[in-house]
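Beneath this line is the structure, given in structure tokens, with notes to follow.
The values are calculated or read from the model by the stated rules, or taken from the named source; none is laboratory data. Owing to the predicted nature of the structure, the values given are computational and were not obtained by experimental measurement. A quick note on method: Cβ atoms are made from the backbone with ideal geometry, for glycine too, and the neighbour counts reach across all protein chains shown. Note: accessible area is taken over every heavy atom of the protein model, side chains too, but ligands, DNA and RNA are not part of it. Shrake-Rupley method; radii C 1.70, N 1.55, O 1.52, S 1.80 Å.
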Amino acid sequence: MKSPLPETWSKPPAIANPVLRYGLILAVAVYAVWAIGTLPFDWARISDGVGRAGRIFSGAFPPSFERPGLMLEGFLESLQIAIIATAAGVLLSVPIALMSARNLAPMPVYILGRGIIICARSFHPVIVAIIFVKAVGFGPLAGMLTLMVYSIGFVAKMLAERIEEIDWGQVEAVRAAGASYLSTLIYAVFPQIMPRQIGLSIYQLDSNLRASAVVGIVGAGGIGATLANAFKRYDYDFALAIIMVIVGAILISEAVSGMIRKRIW
Amino acid sequence: MVSLDTRPEDWVRFTPRQRLTRFAIYAFVLISIAWAMSNVEINWPWLLDAPQQMGDLFGRMVPPDASNLGTILRVLVETVNIATIATGAGVILSLPVAYIAAQNTTPNQATLWLGRFILVTSRSVNTIIWALLFVAIFGPGVLAGILAITFRSLGFLGKLMGEAIEEIDRRPVEALEATGASKGKVILYAIVPQVLPAFWAVSILRWDINIRESTVLGLVGAGGIGLVLQGAIDTFNWQEAATILLAILALVVIGEFISAWLRRQII
């Protein structure tokens, strides 16, 4: 006899409407087939890959630390690029964040500020780097300008969000005392956003150090340039050594920045 | 002579000791900036020239040349497909890694460290560096790009999912274990429902990031719109480069809208 209730409990499906549920699954499957089908895979070249992978990895082991001078030079340059870009980027992001905070800026200024942030955030640092390399030539200067833009995109956005959350009472109190715009900023706004600003700066330094390893690949200086050269000359053992140094440096800087931020917040 | 104790009669914001620490930190920051500025190779004439050069460059980009728009849109779709397929692959691969990298679900100490090792390696190597490696192995093309993004996403997704698994409520797991449920059933009925919201949030976030990352893969030969951008820049076709940059901007902004919408729908 068939009972009106099922004998065993089963989990209710995530999407109650069966048409929508199976429709979505079907849509995902169709999309996957279509996307993989239309992408231009070069299968002949890909099937060569297994042999090449063997050659590359046998060329990469053991990693060669024979040119520590070159590596140290590239790494210090990356560090310098990251420091300067962070300092300049954080300074510039303060006025931009003030422009992009809805509670402080009038509408036209707000739109301009948000526009700058959206542009700075949307382009990957590598694209920005290519444009700066074309404009100011190869070398660390292009890297610094790139990471400055990158820092503005992140720091100004987060800072603007923090400014929008400030306690408005302090601003009113300072204004009631007859303070000018600048004094209001210095005495009522900045003290409230300072802890966040310091945390963001340290995070951004860490983040810039990471990114500076990458922008070098397109000619913007630092250890990325050393890495790209090693790859181009098929020096896979040196390239592996550089990657290991980058990974080590990133782990250290992540740990240090995490520690400092934990103590501040 | 400043004494190191606070004097209660006149109020100051910081004690002298705090002030000393602050000055030491300021000095350290200034010295590191000065060190960086003095050592780095800045070609000052180039820097002073930069605004003019940039103006010149943007001048050459106007008006954007849309004659190649068909090709640009086609590779734009290709870029989105690379990002989406790679996110899907990264999500699937990251789940077992997250499972063994979470302290409360990992079978034993060795698998815990294996999981952590995979996550750290994947996360510390940037997408572009992964792409360089895969281009060297599989040749220029979309496969190298997909693999690069998959390998980089794996660490990001695995780390966040692992943290979500570590934060779950133990009691449903214990309740199911007490009924004699199998390992698979415990995962399916006690762990999965708890981490599902985090899973969707993290996957959507990574898709958004991957859209951005996939626009630059082409610059190292790994497919997508970057290849067309590189071509336009190398031939000094700045007007077409401007169209491509606008297309990338539009793509990223649309991607951000879609991911915000998806997040609202699901969470």
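Efficiency by 1/(1 + (r/R0)^6): what FRET value for B:ASN39 and A:ILE198, r their Cβ-Cβ distance, R0 = 25 Å, to the nearest 0.05?
Details: r = 25 Å, r/R0 = 1.00.
The formula returns an efficiency of 0.50 here.
Hey, quick one: spin label on A:SER64, modelled 7 Å out along Cα-Cβ, who in the stretch A:191-230 has an amide N within reach, i.e. under 14 Å?
A:227, A:229-230
Taking Cα centroids, how far is the stretch B:50-71 from the stretch A:205-265 in Å?
One Cα centre to the other: 32 Å.
Quote to one decimal, in nm, the extra length available between B:ASN237 and B:VAL62 on full extension: 0.36 nm per residue of separation minus the C-alpha distance between them.
Extra length available between B:ASN237 and B:VAL62 comes to 61.9 nm.
Compute the Cα gyration tensor for the stretch B:8-129, then decide on rounded, prolate or oblate, letting a ≥ b ≥ c be the square roots of its eigenvalues: rounded whenever a/c is under 1.5, prolate when a/b is larger than b/c in the other cases, and oblate in all that remain. Write down the numbers at each step before the final one.
On the way: a/c = 2.74, a/b = 1.09, b/c = 2.52.
Here the stretch B:8-129 falls in the oblate category.
With each label point set 7 Å from Cα along the Cα-Cβ vector, what nm distance links A:TYR22 and A:ILE36?
2.3 nm
From the Cα gyration tensor of chain A, with a ≥ b ≥ c the square roots of its eigenvalues, which class applies: rounded if a/c is under 1.5, or else prolate if a/b is larger than b/c, or else oblate?
It is oblate, given that a/c is not under 1.5 and a/b is not larger than b/c.
Return the sequence-ordered ³J(HN,Hα) values of the stretch B:70-80 in whole Hz as given by the Karplus equation 6.51 cos²θ - 1.76 cosθ + 1.60 applied to θ = phi - 60°, using x for Gly and Pro.
x, 4, 4, 5, 5, 6, 5, 5, 4, 4, 4
Ignore the peptide's own chain and count Cβ atoms of other chains within 10 Å of each Cβ in B:74-82; give me the average, rounded.
So the per-residue partner count for this stretch is 2.
Sequence gap at least 6, Cα distance under 8 Å: using those rules, report the relative contact order of chain A to the nearest whole percent.
Reported as a whole number, the value is 26 percent.
If B:ILE266, B:ILE244, B:ILE187, B:ILE92 are ordered by their accessible area, calculated over protein heavy atoms with a 1.4 Å probe, which sequence runs from highest to lowest?
From most accessible down to least: B:ILE92, B:ILE266, B:ILE187, B:ILE244.
State, as an integer percentage, the relative contact order of the stretch B:71-266 based on alpha-carbon contacts under 8 Å between residues 6 or more apart.
Result for the stretch B:71-266 is 28 percent.
By average Cβ neighbour count within 10 Å, what is the ranking of B:134-140, B:124-130, B:45-51 from highest down?
Ranking, from highest mean packing down: B:124-130, B:134-140, B:45-51.
Could you give the size of the charge dipole of the stretch B:167-263 about its Cα centre, using +1 on the Cβ of each K and R and -1 on the Cβ of each D and E, expressed in debye and rounded to the nearest 20?
360 debye
Specify the longest stretch of chain A that does not include any exposed loop site, a site being one of the trypsin sites (Lys or Arg not before Pro) with a non-H, G, I, E, B DSSP assignment and at most 10 other Cβ atoms within 10 Å.
Result for the longest clean stretch: A:3-232.
Cα centroids of the stretch A:131-200 and the stretch B:115-150: how far apart, whole angstrom?
About 35 Å separates the Cα centre of the stretch A:131-200 from the one of the stretch B:115-150.
For the stretch B:195-267 and the stretch A:1-70, what is the centre-to-centre distance using only Cα atoms, to the nearest Å?
Measuring centre to centre over Cα atoms gives 19 Å.
For the interface of A with B, what's the total buried accessible surface in square angstrom, probe 1.4 angstrom, rounded to the nearest hundred?
Roughly 5000 Å² of accessible surface disappears when A and B pair.
Which whole-Hz ³J(HN,Hα) couplings does the stretch B:247-257 yield from phi under the Karplus relation 6.51 cos²θ - 1.76 cosθ + 1.60, θ = phi - 60°, glycine and proline marked x?
4, 5, 4, 4, 4, 5, 5, 5, x, 5, 4
Applying 1/(1 + (r/R0)^6) with R0 = 41 Å to the Cβ-Cβ distance of B:ALA27 and B:ARG171, what FRET efficiency is obtained, to the nearest 0.05?
0.20
Tabulate in residue order the Karplus-calculated ³J(HN,Hα) for the stretch A:84-101, using 6.51 cos²θ - 1.76 cosθ + 1.60 with θ = phi - 60°, rounded to whole Hz; enter x for Gly and Pro.
Here the 3J(HN,Hα) series is 5, 5, 5, 4, 5, x, 5, 4, 5, 6, 5, x, 5, 5, 5, 5, 9, 9 Hz.
Taking every residue in A:43-50, how many Cβ atoms of other protein chains lie within 10 Å of its Cβ, on average? Each step should come with its number before you reach the end.
Details: counts 2, 1, 6, 7, 1, 3, 8, 2.
The shielding value for this peptide is 4.
What shape does chain B have by the C-alpha gyration tensor, where a ≥ b ≥ c are the square roots of the eigenvalues, rounded means a/c under 1.5, and otherwise prolate means a/b greater than b/c and oblate the rest?
It comes out oblate by the Cα gyration axes.
What is the spin-label model distance, in nm, from B:GLN52 to A:ARG233 if the labels are put 7 Å beyond Cα along the C-beta direction?
3.6 nm
For the protein assembly as shown, what are the per-bin percents of Cα-Cα distances with bins 20 Å wide, up to the bin holding the maximum?
For the protein assembly as shown, the pair-distance distribution reads 18, 50, 27, 5, 0.
Under the definition of Cα pairs under 8 Å and six or more residues apart, what whole-number percent is the relative contact order of the stretch A:116-183?
36 percent
Taking R0 as 41 Å, what's the FRET efficiency between A:VAL109 and B:LEU196 from their Cβ-Cβ distance, rounded to 0.05?
Details: r = 42 Å, r/R0 = 1.03.
Using R0 = 41 Å, I get an efficiency of 0.45.
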